[in-house]
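The values are calculated or read from the model by the stated rules, or taken from the named source; none is laboratory data. As the structure is a computational prediction, the values presented were derived from the model and not from experiment. Cβ placement follows ideal geometry from the backbone for every residue including glycine, while neighbour counts extend to all protein chains displayed. Keep in mind that these areas ignore ligands, DNA and RNA; they rest on the heavy atoms of the full protein, side chains included. Shrake-Rupley method; radii C 1.70, N 1.55, O 1.52, S 1.80 Å.
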Amino acid sequence: MISATDASKKFAEVRRRAKNGAQFVTDHNAVDSVILSYEDYESMYAELEKLREIVFLQRVATRLGLGDIDLNRRRLSMREGMGEDLYREFQSYDADMIPDEELFE
């Protein structure tokens with residue numbers, strides 16, 4: 001940990017040390033900021049995006065699983081589920097204009 005005052009005075013050193021691990025910057029003895037290498041940031045961001053996708057897919061799976069439980073439940077059309085603007089945008093796509101590599105990632 002390094003104080004904000006020292007970090008501003010020795011920023012080049014803090015950046016150099018951040019390449020080997022996170023540098024915690026304190027203000028009034030409380031961690032205020034963290035300085036990371038770009039590589040560490042990219043790694044964390046990629047993992048966050050992966051976790052967001054997992055949570056999203058779990059929610060989708062749960063909702064799809066619940067959809068068949070109540071057979072009397074009113075079904076939604078795609079238009080109702082997506083909303084008018086998003087549905088219009090979806091309808092405007094030409095599937096033949098999208099390369100197969102993008103469709104089947």
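Remark: pairs (first residue in the range 57-68, open to solvent by less than 90 Å² (accessible area, probe 1.4 Å); second residue at pLDDT 75 or above; Cβ separation under 9 Å; 6+ apart in sequence or on different chains) = Gly67/Arg75. Residues being under 10 Å from Met1 (Cα atoms) and either of a type in the set (D, E, K, R) or surrounded by 12 or more Cβ atoms within 10 Å (Cβ to Cβ) (or both) are represented in the range 34-52 by at least one member.
Against the definition (out of contact with any strand residue (DSSP E or B) (no Cβ under 7 Å at 6 or more places or on another chain), among the small types (Gly, Ala, Ser) and on the phi > 0 side of the Ramachandran plot), how does Gly21 come out, yes or no? Answer is yes for this residue. Under the condition of being at pLDDT 85 or above and either closer than 30 Å to Lys19 by Cα or exposed (fewer than 10 other Cβ atoms within 10 Å of the Cβ) (or both), the residues counted in the range 78-101 number 3. Pairs are defined by a Cβ separation below 6 Å, a sequence spacing of at least 6 or placement on different chains, a first member in the range 74-97 that is closer than 23 Å to Arg63 by Cβ and without any contact (Cβ under 8 Å) to a residue 60 or more places away in the chain, and a second member that is part of a loop (DSSP other than H, G, I, E, B) and of a type outside the set (D, E, K, R); no pair meets this definition.
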